[in-house]
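Step one of this worksheet: look at the structure below.
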Amino acid sequence: MKRASLLLMSLMLILTLALTGCGSDKAAEPTEKSNESATAPTDSKKKLTLWFYFEGKSQFDIIKSLTDGFTQKNPNIEVKPVYIPFADFKKRLSVGLAASDLPDIVIIDNPDHAAYTAMGLFADITDKLADWPDKDQYFEGPWKSASYEGKQYGIPLGSNNLALYYNEKMLADANVKPPQTWDELRVAAKALTKGNVKGLGISAPQNEEGTFQFLPWLLSTGATFDHIAPDGTRAFSMLADLIKDGSMSKEVINWTQSDVMKQFASGNLAMMVNGPWQIPDLTKTAPDLKFGIAFVPKDSKFASVLGGENLGVMNGANVDEAVQFIKYVATPEVSKKFSQDFGYFPARRDVASDPYWSQNPQLKVFAENMENAQPRGPHPQWPTISNAISEALSKSLTLTTTPEQAATEAQAKIDKILGNK
């Protein structure tokens, strides 16, 4: 790809990708060139750089434990972790691509992997993984999120997904069982709605968070992100009906996933859809709350959406060493400890079957749900596609359009993005 084309694509991506996140104002920018490994080292040790955006000292220490552990086993290779605030991360990648100032490895949000792969950022490591037996241990969804057009450009680092939380006392008092189907959910949500308490809460803002929370409902119908209509109409309709009958608050269009957790912790929601990362804050905020976790109720099949990050191998002079590093991180013993420390779910079946996840009553549902979790995309135009989906959801939940109109409009926008006739 010619430099002019790379520069144009990079600048376009800077303008179109949403630069949202939780970067720390106090975090220092990297002071060294990230492609330091391309310069002649003063000793025989190969030096690689890893970019990541996880905020806080504890997160940095966990990442550094990976790089230090690798160097202990491979003393001729050093991997330096470098923190980049999430709000700047995509811009730094895009500018770095144009300026040839990039790291050797990145930890990247899984729906963004395909977009940067299409720009030529990541190396095709398919052949380097061909004889690697560990690849067969990965869940399909996480593995697919690091793929593009049948080729592999990295591996999953860790994953999460969405499930249904329920207040055990509220359900028992109302003689309601955790719903498994949409019909059961409608009945349960209505029965649990009393006074200031709503039966169900979700996060549905007009952004990636809203799309993330909507996808389990959409995928359950058999629809896909690029073929929303006609089956996906049922998902818009089901959620809009919960708004209409008062079982779900109209405020869900303004709630983040953290807001939903706080409403549930405060006793204002009998059920909510959320991820496993909320469990520590939920138990701290409401230590006496007894809650259960189940799959998101289904239409035609159980479905969930994949969250988490991938390890991407950058194009450059150190691809072989970078692949060596990601294979080290993927080993069961390293992957298990990292996932436990970081609050992830392992992307590998063999690690996820460990009693730490498989026998924990709160975690095992999320572990089992990895079989149902599907990635967002993957597609190089995912940010634009996501905007079309979350906009349609917002219109449907505010009752400004019918579910049929929402699905049809979203499909038309997606067809235009994809160049479909």
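The values are calculated or read from the model by the stated rules, or taken from the named source; none is laboratory data. Not measured: the values here are computed from a predicted model. We place every Cβ from the backbone using ideal geometry, glycine too, and count neighbours over all the protein chains shown. Calculation scope for accessible area: heavy atoms of the full protein, side chains included, ligands and nucleic acids excluded. Shrake-Rupley method; radii C 1.70, N 1.55, O 1.52, S 1.80 Å.
Structure summary
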read-out	value
Scattering profile of region 171-247 at q = 0.11, 0.12, 0.17, 0.24 Å⁻¹ [log10 I(q)/I(0), Debye over alpha-carbon scatterers]	-0.31, -0.37, -0.71, -1.17
Trypsin sites (Lys or Arg not before Pro) restricted to DSSP loop in region 96-163 with at most 12 other C-beta within 10 Å	none
Cα-only radius of gyration and Dmax that characterise region 99-145, units Å	12.4, 37
The chain: angle of helix 208-220 to the longest principal axis, Cα-based, in degrees nearest 10	60
Tail weight of P(r) past 21 Å, computed on alpha-carbon pairs of region 35-177, percent	57
Option label - volume of the Cα convex hull per residue in Å³ computed here, alternatives [x] 127; [y] 155; [z] 144	[z]
Span from the region 89-140 Cα centroid across to the region 218-289 one, whole angstrom	31
All Cα pairs of region 194-288, percent lying beyond 22 Å	31
Cα Rg, Dmax (largest Cα-Cα span) when computed across region 280-409, Å	19.3, 54
For residue 46, residues with placed amide H under 5 Å, excluding near neighbours	77, 78
Spatially proximal lysines relative to residue 190 (Cα-Cα < 26 Å; intrachain offsets below 8 disregarded)	169, 177, 198, 244, 250, 262, 290, 298, 301, 395
Alpha carbon Rg of region 213-252, scaled by the compact-globule rule 2.2 N^0.38 Å	1.20
Of 310, 66, 76, farthest towards positive along the dipole that unit charges on Lys, Arg, Asp, Glu beta carbons give the chain	310
Accessible-area ranking of 398, 408, largest first, probe 1.4 Å	408, 398
Using a Förster distance of 45 Å, the FRET efficiency for residue 333-residue 405 (Cβ separation, nearest 0.05)	0.30
For q = 0.08, 0.18, 0.21 Å⁻¹, Debye-computed log10 I/I(0) when each Cα of region 129-269 counts as one equal scatterer	-0.29, -1.08, -1.31
1.4 Å probe accessible area per residue over region 281-364, in Å²	42
Candidates per GluC sites (Glu not before Pro) in region 134-219, loop by DSSP, up to 14 other Cβ within 10 Å	149
Heavy-atom accessible area per residue - region 163-223, 1.4 Å, Å²	41
Additional length obtainable on full extension of the chain from residue 259 to residue 175, 0.36 nm per residue less Cα span	27.5 nm
